[in-house]
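Colleague: Starting off with a structure, shown below.
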Amino acid sequence: MSTIQEVSRRSGLPEPTLRYYEKIGLIGPVDRDESSGHRRYPPELVETIEALGCLRSTGMSLADMRVYLRHLDGGDPAEQRDLFARNVERLDAEIERLRVRRDYLRLKAELWDARDRGDAAAEERAADEIRGLLPRLK
């Protein structure tokens, strides 16, 4: 049996998150130590919580985590596949948004470098690229 501190360290989930997951029923009620009243997590629940920690780190929603858990034991493999495929698409879109933001910052650095060097042509090229990138920043 593991303490909440141990489970937090292993899963990467803060203790308040573990309590919250129990409160909302994402994980079942956790047994308490009779003498101290502290939570004691059995190994199989710790494994589930570690998986939830991984899913949370990808940005998966609580609703999707519920679907994952519901189909974990003998559920519909197609639904699990679709769940993960949707989350891959979500992450791909997020990565693209980050790339656009990175490109914007890179171009701003190039613009200011050109301005610092007094290279008006390079500054104008960077400004043109920035203007072309602006609609994708939204």
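The values are calculated or read from the model by the stated rules, or taken from the named source; none is laboratory data. Note that the structure is a prediction, hence the values are computed from the model and not measured. Quick reminder, even Gly has a Cβ in these numbers, built from the backbone with ideal geometry, and neighbours come from all protein chains shown. Heavy atoms of the whole protein, side chains included, go into the accessibility calculation; ligands, DNA and RNA do not. Shrake-Rupley method; radii C 1.70, N 1.55, O 1.52, S 1.80 Å.
Colleague: In a Gaussian network model over the chain where Cα atoms closer than 10 Å are linked, find which of Ser11, Ser61, Ser36 has the largest mean-square fluctuation.
Modeller: Ser36
Colleague: Placing +1 at every Lys and Arg Cβ and -1 at every Asp and Glu Cβ, with all other atoms neutral, what dipole size does segment 8-138 have around its Cα centre, in debye to the nearest 20?
Modeller: With only Lys, Arg, Asp and Glu charged at Cβ, the dipole is about 360 debye.
Colleague: Taking the C-alpha atoms of the chain, how large are the radius of gyration and the largest Cα-Cα span, Dmax, in Å?
Modeller: Rg, Dmax (Cα atoms, Å): 23.4, 75.
Colleague: On to the next question. Under 8 Å for C-alpha pairs, at least 6 residues apart: give me the relative contact order for the chain, rounded to a whole percent.
Modeller: 17
Colleague: Ignoring ligands and nucleic acids, what accessible area does Arg39 show with a 1.4 Å probe (Å², nearest 10)?
Modeller: Around 40 Å² of this residue is reachable by solvent.
Colleague: Tell me, what is the 1.4 Å probe accessible area of Glu129, in Å² to the nearest 10?
Modeller: Rounded to the nearest 10, the figure is 100 Å².
Colleague: Roll a 1.4 Å probe over the protein chains and send me the accessible area per residue for the chain in Å².
Modeller: Heavy-atom accessible area per residue stands at 66 Å².
Colleague: Regarding segment 80-136, what is the average projected area of its C-alpha convex hull, in nm²?
Modeller: With the hull built on Cα positions only, its mean projection is 4.0 nm².
Colleague: A further question on this structure: Using a Gaussian network for the chain with springs between C-alpha atoms less than 10 Å apart, which of these wobbles most: Leu111, Leu91, Leu55?
Modeller: Leu111
Colleague: Roughly to the nearest percent, how much of the accessible area of segment 4-74 is carbon and sulfur, given a 1.4 Å probe?
Modeller: About 49 percent, which is the carbon plus sulfur part of the accessible surface.
Colleague: Whole Å is fine, so just give me how far the alpha carbon centre of segment 55-78 lies from that of segment 99-138.
Modeller: Their Cα centres are 41 Å away from one another.
Colleague: Across the Cα atoms of segment 4-74, what radius of gyration and what greatest pairwise Cα-Cα distance (Dmax) are found, in Å?
Modeller: Cα-based Rg and Dmax for segment 4-74 come out at 12.0, 38 Å.
Colleague: Let me check something: with ligands and nucleic acids excluded, how do Asp82, Asp31, Asp103 order by accessible area (1.4 Å probe), largest to smallest?
Modeller: The ordering from most to least exposed comes out as Asp31, Asp82, Asp103.
Colleague: Quick one: with all protein chains in place, what share of the accessible area of segment 80-138 is carbon or sulfur, to the nearest percent (1.4 Å probe)?
Modeller: 56
Colleague: Another one. How large is the helix-only mean residue ellipticity at 222 nm for the chain, computed as the sum of -39500 (n - 2.57) over DSSP H runs with n ≥ 4, divided by its residue count, in deg cm²/dmol to the nearest 500?
Modeller: Calculated from helices alone, the mean residue ellipticity at 222 nm is -23000 deg cm²/dmol.
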